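Enquirer: The structure that follows is given in the form of structure tokens.
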Amino acid sequence: MKKRILYQNEACMIINKLPGESSEFPEVEREGEDGKFPVPVHRLDVPVSGCLLLARFKEAATYLGAMFSCEDTYIQKHYWAIVESSPEADSLPAEGELVHWLYENERTNKSLVLPLDAEPPSRRRIRERPKKAILRYRLVGKGDHYLFLEINLVTGRHHQIRAQLAAVGLHIKGDLKYGAKRSEKDGGIRLHAYSLVLPNPVKAGRKIKVKALPPVMAPLWKAFAEAAGG
């Protein structure tokens, strides 16, 4: 675990999460007056790898949690996604923005994506109000079987990248839940939280900037890094 700590100060730490690993890290938790810390400030889905922010005490968790929940640009989140080739993928513009409504389906643990002008589903199928989901992407490479996408996650919703890409016919490698052809051996998917930029909670006016390559650099990730210059 120590080798996967990307950054830490008195208030927080950032870890390069493995695919298939929970966002909870009991091996780094310590008992404090307010419970066990550090705790994750945001969530990465279990099959997703990459930069995960954890707060080291209660006040830091409150402060950083407010930054993540704000519909502003306090937190910058960039992802790498390896997408299966398809007719939709082959005709994808080099860059663009996806905007939808997202509804979480409790029964299936999936997010339902609809256009902004679509009729909402029955309230029995969702547990909360619809939320607008926005992401921006850039195509950085293309091969015979896969596309490499850099993604700027403007909002942070349940399964947002996975669901929005699937809604336009793009399926992340290994993501059976959202339409991929086959699973990955390690139970992960080819979606990686590549970078985080956030306000430093202990140094006013300063920012924390972290980048991390996938913790398991399989050949496709190496090809992605070369194409992206990462």
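The values are calculated or read from the model by the stated rules, or taken from the named source; none is laboratory data. If you're wondering where the values come from, they're calculated on a predicted model, not measured in any experiment. Counting neighbours? That spans all protein chains shown, and the Cβs are built from the backbone with ideal geometry, glycine included.
Enquirer: Might you check whether a residue that is more than 20 Å from residue 215 (Cβ to Cβ), at pLDDT 90 or above, surrounded by 18 or more Cβ atoms within 10 Å (Cβ to Cβ) and among the acidic types (Asp, Glu) occurs anywhere in the range 59-73?
Expert: no
Enquirer: Further question on the same structure: Does residue 83 qualify as being among the β-branched types (Val, Ile, Thr) and modelled with pLDDT under 95?
Expert: no
Enquirer: Would you confirm, using the coordinates I've provided, whether residue 188 is crowded, with 19+ Cβ neighbours inside 10 Å and modelled with pLDDT under 95?
Expert: Yes.
Enquirer: Restricting the search to the range 48-82, which residues are under 21 Å from residue 134 (Cα atoms) and among the β-branched types (Val, Ile, Thr)?
Expert: 48, 73, 75, 82
Enquirer: When you scan the range 112-123, do you find a residue that is surrounded by 12 or more Cβ atoms within 10 Å (Cβ to Cβ), modelled with pLDDT of 90 or more and over 16 Å from the mean Cα position of the chain (by Cα), even just one?
Expert: Scanning the range 112-123 turns up at least one residue that is surrounded by 12 or more Cβ atoms within 10 Å (Cβ to Cβ), modelled with pLDDT of 90 or more and over 16 Å from the mean Cα position of the chain (by Cα).
Enquirer: Right, something else. Of (1) free of Cβ contacts under 8 Å to residues at least 60 places away in the same chain; (2) in contact with a Lys or Arg (Cβ under 9 Å, 6 or more places away or on another chain); (3) loosely packed, with under 15 Cβ neighbours inside 10 Å, residue 181 satisfies all except one. Which?
Expert: Looking at each condition in turn, residue 181 falls short on (1).
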